[in-house]
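Here's the structure we're looking at; comments come further down.
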Amino acid sequence: MLIVEDEPIIAIDLRIIFQDDGYDVLGPATSVDMALRLLNNARPDLAVLDVNLRGQSVAPVAERLRSLQIPFFLSSSYEAAQLQTVTVLANVENVRKPFEERRLLAAARRALGST
């Protein structure tokens, strides 16, 4: 499980939630460049992405994940309509912030089931 999140407290929460559920966690990657570097060296089975990383779109990471056939979902405060404007993020499940643990874990299971 690759975590791509630039807010430290949220990144820690995500790490704990997924580790406690048995996932091997990679990251958190706090920037697009860091996430792409991690993907050059590892092949996670799943990823959760924040949409905006320090003012930069996570779209390049999503495109790389798609090319590697690694499922992913989003955890962002963005509305669905806002996400539809970015092709690679359109129709990707988004667990809106502030998130609930059960919704994150359910989204992870659904994403893994879609491959």
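We did not get these values from a lab; they are worked out from the coordinates using the rules stated. Note that the structure is predicted; figures quoted are calculated from it, not measured. Glycine also receives a Cβ, built like all others from the backbone with ideal geometry; neighbour counts cover every protein chain displayed.
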Original post:
Filtering region 17-54 down to residues that are over 20 Å from Ser67 (Cβ atoms) and in a helix (DSSP H, G or I), which residue is farthest from the chain's Cα centre (by Cα)?
Top reply: Asp20
Subject >> Check on Ser57, out of contact with any Pro (no Cβ under 8 Å at 6 or more places or on another chain), crowded, with 20+ Cβ neighbours inside 10 Å and not aromatic (Phe, Trp, Tyr) >> reply: no
Original post:
Which pairs do you get when a residue that is at positive phi and free of Cβ contacts under 8 Å to residues at least 60 places away in the same chain, found in region 40-57, comes within reach of a residue that is among the acidic types (Asp, Glu) and outside any strand (DSSP E or B), reach meaning Cβ atoms under 8 angstrom, with the pair 6+ apart or on two chains?
Top reply: Arg54/Asp6
Original post:
Name the residues in region 71-104 that are in a loop (DSSP other than H, G, I, E, B) and touching a strand residue (DSSP E or B) at 6+ places or on another chain (Cβ under 6 Å), would you?
Top reply: Ser75, Ser76, Val92, Glu93
**OP:** Just give me the residues in region 82-102 being without any contact (Cβ under 8 Å) to a residue 40 or more places away in the chain, out of contact with any Ser or Thr (no Cβ under 8 Å at 6 or more places or on another chain) and surrounded by 14 or more Cβ atoms within 10 Å (Cβ to Cβ), in sequence order.
**Re:** Val88, Leu89, Val92, Glu93
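Would you mind stating whether Ala11 is crowded, with 18+ Cβ neighbours inside 10 Å, free of Cβ contacts under 8 Å to residues at least 40 places away in the same chain and out of contact with any Leu (no Cβ under 7 Å at 6 or more places or on another chain)? Outline the logic, then answer.
Numbers: crowded, with 18+ Cβ neighbours inside 10 Å: yes; free of Cβ contacts under 8 Å to residues at least 40 places away in the same chain: yes; out of contact with any Leu (no Cβ under 7 Å at 6 or more places or on another chain): yes.
The answer is yes for Ala11.
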**OP:** Would you check if there is a residue in region 65-76 being touching a Phe, Trp or Tyr at 6+ places or on another chain (Cβ under 8 Å), in contact (Cβ under 8 Å) with a residue 24 or more places away in the chain, within 23 Å of Gly113 (Cβ to Cβ) and not β-branched (Val, Ile, Thr)?
**Re:** yes
